[in-house]
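In what follows, a structure is listed as structure tokens, so that the remarks can point back to it.
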């Protein structure tokens with residue numbers, strides 16, 4: 001005969017544990033003045049009847065969802081508050097960033113990026129401090145204190161000012177909504193709840209594994225909360241593009257390219273419910289496309305700002321690419337270079353670096369492949385003079401001494417004062 | 001029981017002390033590969049496969065003796081976490097390739113703005129060597145200035161590298177480092 005009490009006991013305990021966890025996940029961690037009711041809910045509704053969809057999904061709905069009038073970021077909290085402690089830690093981190101060895105101090109580039117940040121942040125501009133850093137990864141970040149980091153990997157991948165502004169606007173969204181303090185409070189509340197639940201489950205005689213299940217559900221809840229913040233920040237990114245007359249298609253275009261780069265680099269974006277702090281790239285691109293469709297009709301002449309952008313980024317691009325090549329696997333470096341080549345700016349430089357990826361690889365066919373790309377670079381605009389030295393090195397690897405000598409000589413003609421000129425001369429002596 | 005506890009405590013304390021004194025005006029063997037003569041005292045520690053000597057602390061000045069690098073191995077490897085993207089030393093590598101091998105290795109190890117200032121032919125224990133002077137930046141630290149001495153013997157790369165904070169510590173320690181590097185002889 002079935003004994004429901006025993007047979008269903010563990011299941012019931014687990015169910016209670018999960019329910020408790022769900023309650024914790026729903027706890028409100030927002031302050032008045034911050035938009036809280038719709039966090040994570042889709043701004044556009046696809047499930048309404050066709051007759052009501054146009055109204056439900058109008059540009060006004062989108063704009064009001066990402067309103068900024070009632071937000072008060074960057075107001076210094078009392079030191080004894082939890083936010084005050086967070087500010088102290090973040091200010092200490094900012095002090096380190098301000099003297100970091102990888103900080104780019106070029107005035108023209110910093111001035112330009114600060115101008116764009118001021119444009120999108122409007123009245124909050126004086127509260128924002130921008131740090132441009134050489135980090136070969138696609139990212140930027142912003143803290144509630146007003147510190148914004150812009151990484152070289154983002155500057156290299158964005159094709160115009162609108163694309164860069166979309167990402168900076170996203171970070172500005174985190175700042176506006178004070179997501180960092182929200183996350184900290186959520187984390188503390190979840191931790192407290194788990195402690196209470198552990199005691200309660202122990203007293204109730206819950207079976208082994210109940211607590212593990214709760215921890216797993218808690219982790220999923222934390223990540224879901226983080227993803228909601230990212231979705232909200234994406235919305236703000238689009239909002240600031242709209243307010244400043246930028247081309248709204250910039251944002252989905254950037255996400256689509258990032259997805260393409262990752263899949264070509266053999267590191268596709270696998271979504272994991274328990275570890276993903278950001279929504280999947282597909283979701284972001286799709287959502288941004290939908291929102292863009294609603295808002296685009298309101299912008300009469302959308303701006304991309306491509307010329308301005310290239311004028312400031314191109315002087316630094318070679319260094320940014322070298323960082324990527326030095327620190328990324330071959331497939332990732334090639335995937336990035338292919339996308340830059342697709343954009344078609346200063347192709348000689350890009351073909352040269354593609355050759356460099358092959359020459360530096362451990363592949364046996366590396367030197368031959370490199371020579372193909374060096375050749376292509378020399379017939380395109382923007383090939384650097386140092387190419388001849390690397391071409392000579394590839395010939396040396398293939399034991400083609402005569403060709404190597406010719407390339408070394410060309411290198412010395414073009415760069416007679418290069419730091420390794422003496423070394424090249426002694427190499428030429430050996431080749432004679 | 002009491003002696004066992006004292007012995008254990010000593011063992012624990014010893015394991016905490018990872019720097020050892022390298023006395024001045026003496027001969028020493030480093031990494032079972034390099035024989036050096038010191039003029040001043042240094043502090044030594046092992047890190048990964050390298051041995052580091054320093055006078056004022058590893059982040060301010062360090063003289064690094066890398067393990068000999070054979071064909072297909074990554075040179076300049078200290079921390080294994082950088083190992084997967086480190087460039088490889090290949091048999092038949094010529095001296096003219098060494099500055100770029102060094103630069104890309106340092107970049108892969110996380111240094112920024114690595115600039116080669118000068119290259120010069122030199123000797124290491126009577127073998128042909130290359131001296132490369134460079135500057136670079138640490139992510140969370142000061143501008144570094146340094147030089148490396150690289151030699152290839154029997155298809156194996158030997159590297160000794162000195163780097164120090166540019167303005168204060170390089171001028172203070174470089175002279176000692178130069179004389180120590182000049183004294184290197186190879187056991188292998």
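The values are calculated or read from the model by the stated rules, or taken from the named source; none is laboratory data. Since this is a predicted model, take the numbers as computed values, not measurements. Cβ: placed from backbone, ideal geometry, glycine included. Neighbour counts: every protein chain shown.
A quick yes/no check of all residues on (1) out of contact with any helix residue (DSSP H, G or I) (no Cβ under 6 Å at 6 or more places or on another chain); (2) touching a residue at least 40 places away in the same chain (Cβ under 8 Å); (3) on the phi > 0 side of the Ramachandran plot:
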residue: A:156; (1), (2), (3): no, yes, no
residue: A:161; (1), (2), (3): no, yes, no
residue: A:179; (1), (2), (3): no, yes, no
residue: A:198; (1), (2), (3): no, no, no
residue: A:204; (1), (2), (3): yes, yes, no
residue: A:208; (1), (2), (3): yes, no, no
residue: A:215; (1), (2), (3): yes, no, no
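Within the stretch A:410-428, how many residues are touching a residue at least 12 places away in the same chain (Cβ under 8 Å) and surrounded by fewer than 16 Cβ atoms within 10 Å (Cβ to Cβ)?
Narrowing the stretch A:410-428 to residues touching a residue at least 12 places away in the same chain (Cβ under 8 Å): A:410-412, A:414-415, A:418, A:420, A:424-425, A:427-428.
Of the ones still in play, those that are also surrounded by fewer than 16 Cβ atoms within 10 Å (Cβ to Cβ) are A:414, A:425.
Counting residues in the stretch A:410-428 that are touching a residue at least 12 places away in the same chain (Cβ under 8 Å) and surrounded by fewer than 16 Cβ atoms within 10 Å (Cβ to Cβ) gives 2.
Tell me whether the stretch A:275-286 contains one or more residues that are in contact (Cβ under 8 Å) with a residue 60 or more places away in the chain and either surrounded by fewer than 21 Cβ atoms within 10 Å (Cβ to Cβ) or in the same structural domain as residue A:122 (by TED's automatic domain parsing) (or both).
Residues of the stretch A:275-286 in contact (Cβ under 8 Å) with a residue 60 or more places away in the chain: none.
Checking the stretch A:275-286: not a single residue is in contact (Cβ under 8 Å) with a residue 60 or more places away in the chain and either surrounded by fewer than 21 Cβ atoms within 10 Å (Cβ to Cβ) or in the same structural domain as residue A:122 (by TED's automatic domain parsing) (or both).
Taking only the stretch B:81-107 into account, find how many residues are within 10 Å of chain A (Cβ to nearest Cβ) and either buried (at least 17 other Cβ atoms within 10 Å of the Cβ) or part of a helix (DSSP H, G or I) (or both).
So in the stretch B:81-107, the residues within 10 Å of chain A (Cβ to nearest Cβ) come out as B:82, B:84-88, B:90, B:92-101, B:103-107.
So of that shortlist, the ones also either buried (at least 17 other Cβ atoms within 10 Å of the Cβ) or part of a helix (DSSP H, G or I) (or both) come out as B:82, B:84-87, B:93, B:95-101, B:103-107.
Of the residues in that region, 18 qualify.
Which residue out of A:364, A:386 is closer than 27 Å to residue B:108 by Cα, out of contact with any helix residue (DSSP H, G or I) (no Cβ under 8 Å at 6 or more places or on another chain), within 11 Å of chain B (Cβ to nearest Cβ) and surrounded by fewer than 21 Cβ atoms within 10 Å (Cβ to Cβ)? Show your work before the answer.
Values: A:386 fails: out of contact with any helix residue (DSSP H, G or I) (no Cβ under 8 Å at 6 or more places or on another chain).
One residue alone meets the criteria, A:364.
Going through A:158, A:166, A:162, A:140 one at a time, which residue ends up being closer than 29 Å to residue A:344 by Cβ, at pLDDT 90 or above, outside the structural domain of residue A:337 (by TED's automatic domain parsing) and over 13 Å from the mean Cα position of the chain (by Cα)? First the steps, then the outcome.
On the way: A:158 fails: over 13 Å from the mean Cα position of the chain (by Cα); A:166 fails: over 13 Å from the mean Cα position of the chain (by Cα); A:140 fails: over 13 Å from the mean Cα position of the chain (by Cα).
Among A:158, A:166, A:162, A:140, only A:162 is closer than 29 Å to residue A:344 by Cβ, at pLDDT 90 or above, outside the structural domain of residue A:337 (by TED's automatic domain parsing) and over 13 Å from the mean Cα position of the chain (by Cα).
Which one of the conditions (1) modelled with pLDDT under 95; (2) over 18 Å from residue B:130 (Cβ atoms) does residue A:419 fail to meet, given that it meets all the rest?
(2)
Could you check the stretch B:108-119 and list, in sequence order, the residues that are at pLDDT 90 or above and at the interface with another protein chain (Cβ under 7 Å from one of its Cβ atoms)?
B:116, B:117, B:118, B:119
Filter the stretch A:410-432 for residues that are more than 11 Å from chain B (Cβ to nearest Cβ), in a loop (DSSP other than H, G, I, E, B) and under 25 Å from residue A:376 (Cα atoms) and give the result. Don't jump to the end; show me each part of the working.
If we filter the stretch A:410-432 for residues that are more than 11 Å from chain B (Cβ to nearest Cβ), which is where we start, we get A:410, A:412-417, A:432.
From what's left, in a loop (DSSP other than H, G, I, E, B): A:415-417, A:432.
Selection gives A:415, A:416.
Of the numbered conditions (1) in a helix (DSSP H, G or I); (2) surrounded by fewer than 18 Cβ atoms within 10 Å (Cβ to Cβ), residue A:407 satisfies every one except a single condition; which is it?
The failed condition is (2).
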